[in-house]
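The structure appears right after this line, and notes come after that.
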Amino acid sequence: MKNLVSVPLAHREQPCPHEMETMAGLASAGRRRVLGWLAAGAPIAGAALGMPRLARAADPLSVGFVYMSPITDAGWTRQHEDGRLAMVAALGSRVATRVVENVPENADAERVIRDLARQGCKLVFTTSFGYMDAVMRAAREFPGVVFDQASGYRLARNLGAYNIRFYEGRYLAGLVAGAMTRSHVLGYVAALPIPEVIQGINAFTLAARSVNPKVQVRVVWTQNWFDPPRERDAAQAVLRQGADVLTNHSGSSAVAQAAEAAGAWMLGYTSDMSRYAPTRQLGAVVHRWGDHYIQAAREVLDGTWTSRAIMGGLKDGMIALEALSPKVPQAVRASVDEARGKIAAGALHPFGGRLVDNQGKVRQQSGVPSQKDVDHMDWFVEGVVGKAVA
């Protein structure tokens, strides 16, 4: 059975434990995202785009994964790697996977994606928003290969997209942070001011202020998705501004380690960060990609795959608030459980009700925003200190 996992840090391709193969090297790291799309599994423009039916073959389906950073013990890429491993466990010898890690969001990405297609991959997952233009060009060049883009929004006959309503998990984390702060200042280390990041900051702030109206959220931008030293410096900056609870939208464990060293509370993101903040993590907003990878691979194997934009959330388990610390009071846990159930049932929207931005402008009097408004969110809610620009 073949399966690939991860290779030198500059640019590694990794086979899985069963077989090691190596490609050539790249550098750096970048990342992701913006916008979203429609409801879970809903196609953009009202219709799915079909691929030719693929006959089931005796040979395994070759599946490529492109990662924007090294595979570490926790973080954005770690969660995609865990999803790949879940696919391997579920499909066994029906798939053989190839991983290329630490691929920057530039011209090298297009070369890597094309190389995977040339080497026989019939399904390629590109796991960062910044790969979108490169994968679109590759999809045109290799019409017999299925490409699936994390956090992108463009579709083609052989190109799909998938993402998560990360702000649903952020709302739950905000309930915990608002209840646990004593300084009423929360620190938020964020990579880049794109809608997905802004959505998370706003949902976190709204939830925190729903239980503690005195809360302020102070944001420090790092300008990079994966840069541990800069993430650590940003965490220390918000600690100096009085924050006693930290969270982040960045790719490493640096913020968790900074919180542990400073004795501040923290809420992990992408992965459970308790190994890095064993006494200070209150909980973690965790991403789960495995079910999507399994489903997509099965559809390609069965010849039923169609191009569509998929958006998951709390309801289908693609995101969750996990690893709640025993130090979180039972009343807070109960409020989190209640909100989780309401969001999953559609009875609570993190951006529902009256919304005022941090300049005093009323952005929404009542109701819930359209998906388009959420997808293009570029302003901060009341309670966030600073501007939604770097």
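Can you tell me which residue in region 370-382 is farthest from ARG165 (Cα to Cα), limited to those that are open to solvent by 20 Å² or more (accessible area, probe 1.4 Å) and not acidic (Asp, Glu)?
The initial filter retains those residues of region 370-382 that are open to solvent by 20 Å² or more (accessible area, probe 1.4 Å), namely 370-373, 376, 378-379, 382.
Checking which are not acidic (Asp, Glu) leaves us with 370-372, 376, 379.
Working: SER370: 14, GLN371: 11, LYS372: 13, HIS376: 14, TRP379: 18 Å.
Among residues in region 370-382 that are open to solvent by 20 Å² or more (accessible area, probe 1.4 Å) and not acidic (Asp, Glu), the one farthest from ARG165 (Cα to Cα) is TRP379.
If the requirement is being among the hydrophobic types (A, V, I, L, M, F, W, C), without any contact (Cβ under 8 Å) to a residue 60 or more places away in the chain and in contact with a helix residue (DSSP H, G or I) (Cβ under 8 Å, 6 or more places away or on another chain), which of these qualifies: ALA258, ALA237, ALA208?
Working: ALA237 fails: in contact with a helix residue (DSSP H, G or I) (Cβ under 8 Å, 6 or more places away or on another chain); ALA208 fails: without any contact (Cβ under 8 Å) to a residue 60 or more places away in the chain.
Answer to the check: ALA258.
Taking GLU196, is it open to solvent by 10 Å² or more (accessible area, probe 1.4 Å), touching a residue at least 60 places away in the same chain (Cβ under 8 Å) and not polar (S, T, N, Q)?
Working: open to solvent by 10 Å² or more (accessible area, probe 1.4 Å): no; touching a residue at least 60 places away in the same chain (Cβ under 8 Å): yes; not polar (S, T, N, Q): yes.
No, not satisfied.
Working only within region 171-180, note down all residues that are in contact with a strand residue (DSSP E or B) (Cβ under 6 Å, 6 or more places away or on another chain) and buried (at least 24 other Cβ atoms within 10 Å of the Cβ).
Within region 171-180, the first condition is being in contact with a strand residue (DSSP E or B) (Cβ under 6 Å, 6 or more places away or on another chain), and the residues that meet it are 172-173, 176-177, 180.
Hits for region 171-180 are LEU172, ALA173, VAL176, ALA177.
Looking only at region 320-357, how many residues end up being assigned to a strand (DSSP E or B) and either open to solvent by 80 Å² or more (accessible area, probe 1.4 Å) or among the polar types (S, T, N, Q) (or both)? Write out each step before concluding.
Narrowing region 320-357 to residues assigned to a strand (DSSP E or B): 320-322, 355-357.
In the following step, the residues that additionally are either open to solvent by 80 Å² or more (accessible area, probe 1.4 Å) or among the polar types (S, T, N, Q) (or both) were identified as none.
Residues that pass the stated criteria total 0.
Of all residues in region 275-296, count the ones that are in contact with a helix residue (DSSP H, G or I) (Cβ under 6 Å, 6 or more places away or on another chain) and of a type in the set (Asp, Glu). Step through it out loud before you land on a result.
Let us first name the residues in region 275-296 that are in contact with a helix residue (DSSP H, G or I) (Cβ under 6 Å, 6 or more places away or on another chain), namely 276-277, 280, 282-283, 285, 287, 289-290, 293-294.
Still in the list and also of a type in the set (Asp, Glu): none.
Residues flagged as in contact with a helix residue (DSSP H, G or I) (Cβ under 6 Å, 6 or more places away or on another chain) and of a type in the set (Asp, Glu) within region 275-296 amount to 0.
Hey, among the residues in region 224-279 that are acidic (Asp, Glu) and open to solvent by 40 Å² or more (accessible area, probe 1.4 Å), which one's farthest from ALA179 (Cα to Cα)?
Here is the first cut: in region 224-279, the ones acidic (Asp, Glu) are 227, 231, 233, 244, 260, 272.
In the following step, the residues that additionally are open to solvent by 40 Å² or more (accessible area, probe 1.4 Å) were identified as 233, 260, 272.
Numbers: ASP233: 26, GLU260: 19, ASP272: 20 Å.
This residue is ASP233.
State all residues of region 358-369 that are assigned to a loop (DSSP other than H, G, I, E, B) and open to solvent by 50 Å² or more (accessible area, probe 1.4 Å); if no residue qualifies, say none.
From region 358-369, those assigned to a loop (DSSP other than H, G, I, E, B) are 358-361, 365-369; that's our starting set.
GLN359, GLY360, LYS361, GLN365, SER366, VAL368 - these are the residues of region 358-369 that are assigned to a loop (DSSP other than H, G, I, E, B) and open to solvent by 50 Å² or more (accessible area, probe 1.4 Å).
Select from region 304-319 the residues that are crowded, with 22+ Cβ neighbours inside 10 Å and part of a loop (DSSP other than H, G, I, E, B) and list them in ascending order.
TRP305, LEU314, MET318
Restricting to region 62-91, and then to whatever is over 17 Å from TYR131 (Cβ atoms) and not small (Gly, Ala, Ser), can you tell me which residue is farthest from the chain's Cα centre (by Cα)? Spell out the reasoning first.
Looking only at region 62-91, we keep the residues that are over 17 Å from TYR131 (Cβ atoms), and these are 62, 72-75, 78, 82, 85-91.
Checking which are not small (Gly, Ala, Ser) leaves us with 72-73, 78, 82, 85, 87-88, 91.
Numbers: THR72: 15, ASP73: 16, ARG78: 11, ASP82: 13, LEU85: 17, MET87: 18, VAL88: 21, LEU91: 24 Å.
Step by step, filter region 62-91, then rank; the result is LEU91.
Is it the case, given these coordinates, that ASN224 is in a strand (DSSP E or B) and either free of Cβ contacts under 8 Å to residues at least 12 places away in the same chain or over 22 Å from ALA264 (Cβ atoms) (or both)? Reasoning before the result, please.
Numbers: in a strand (DSSP E or B): no; either free of Cβ contacts under 8 Å to residues at least 12 places away in the same chain or over 22 Å from ALA264 (Cβ atoms) (or both): yes.
Here the answer is no, as ASN224 does not meet what is asked.
How about region 65-164: which helices (runs of 4 or more DSSP H) wholly inside it have at least 2 residues that are in contact with a strand residue (DSSP E or B) (Cβ under 7 Å, 6 or more places away or on another chain), open to solvent by less than 10 Å² (accessible area, probe 1.4 Å) and acidic (Asp, Glu)?
Details: elements: 76-91, 107-118, 132-141.
Per the criteria, no element qualifies.
Just checking, does region 159-166 include any residue being under 29 Å from ALA345 (Cβ atoms) and in contact with a helix residue (DSSP H, G or I) (Cβ under 6 Å, 6 or more places away or on another chain)?
Here is the first cut: in region 159-166, the ones under 29 Å from ALA345 (Cβ atoms) are 160-166.
Those still in the list that are in contact with a helix residue (DSSP H, G or I) (Cβ under 6 Å, 6 or more places away or on another chain) too: 162, 166.
Checked against the condition, which is being under 29 Å from ALA345 (Cβ atoms) and in contact with a helix residue (DSSP H, G or I) (Cβ under 6 Å, 6 or more places away or on another chain), region 159-166 yields at least one hit.
Regarding HIS292, is this residue touching a residue at least 40 places away in the same chain (Cβ under 8 Å) and surrounded by 15 or more Cβ atoms within 10 Å (Cβ to Cβ)?
Details: touching a residue at least 40 places away in the same chain (Cβ under 8 Å): yes; surrounded by 15 or more Cβ atoms within 10 Å (Cβ to Cβ): yes.
Yes: the conditions hold for HIS292.
Based on what the data block shows, is ARG280 under 24 Å from the mean Cα position of the chain (by Cα), free of Cβ contacts under 8 Å to residues at least 60 places away in the same chain and more than 30 Å from ARG140 (Cα to Cα)?
Details: under 24 Å from the mean Cα position of the chain (by Cα): yes; free of Cβ contacts under 8 Å to residues at least 60 places away in the same chain: yes; more than 30 Å from ARG140 (Cα to Cα): yes.
Criteria met by ARG280.
Hey, among VAL100, VAL88, VAL146, VAL95, which residue is in contact with an Asp or Glu (Cβ under 9 Å, 6 or more places away or on another chain) and under 20 Å from GLU299 (Cβ atoms)? It would help to see each step written out before you state the result.
Numbers: VAL100 fails: under 20 Å from GLU299 (Cβ atoms); VAL88 fails: in contact with an Asp or Glu (Cβ under 9 Å, 6 or more places away or on another chain); VAL95 fails: in contact with an Asp or Glu (Cβ under 9 Å, 6 or more places away or on another chain).
That would be VAL146, the only listed residue that is in contact with an Asp or Glu (Cβ under 9 Å, 6 or more places away or on another chain) and under 20 Å from GLU299 (Cβ atoms).
For region 197-215, state whether one or more residues are assigned to a loop (DSSP other than H, G, I, E, B) and closer than 17 Å to HIS376 by Cα. Working first, answer last.
Going residue by residue through region 197-215, those that are assigned to a loop (DSSP other than H, G, I, E, B) are 212-215.
This time we only want the ones that are closer than 17 Å to HIS376 by Cα, so: none.
No, every residue in region 197-215 fails to be assigned to a loop (DSSP other than H, G, I, E, B) and closer than 17 Å to HIS376 by Cα.
The values are calculated or read from the model by the stated rules, or taken from the named source; none is laboratory data. A quick note: this is a predicted structure, and the numbers were derived from the prediction, not measured. Note that we place each Cβ from the backbone using ideal geometry, even for glycine, and neighbour counts take in every protein chain shown. What goes into the accessible areas is simple: the full protein's heavy atoms, side chains included, and nothing from ligands, DNA or RNA. Shrake-Rupley method; radii C 1.70, N 1.55, O 1.52, S 1.80 Å.
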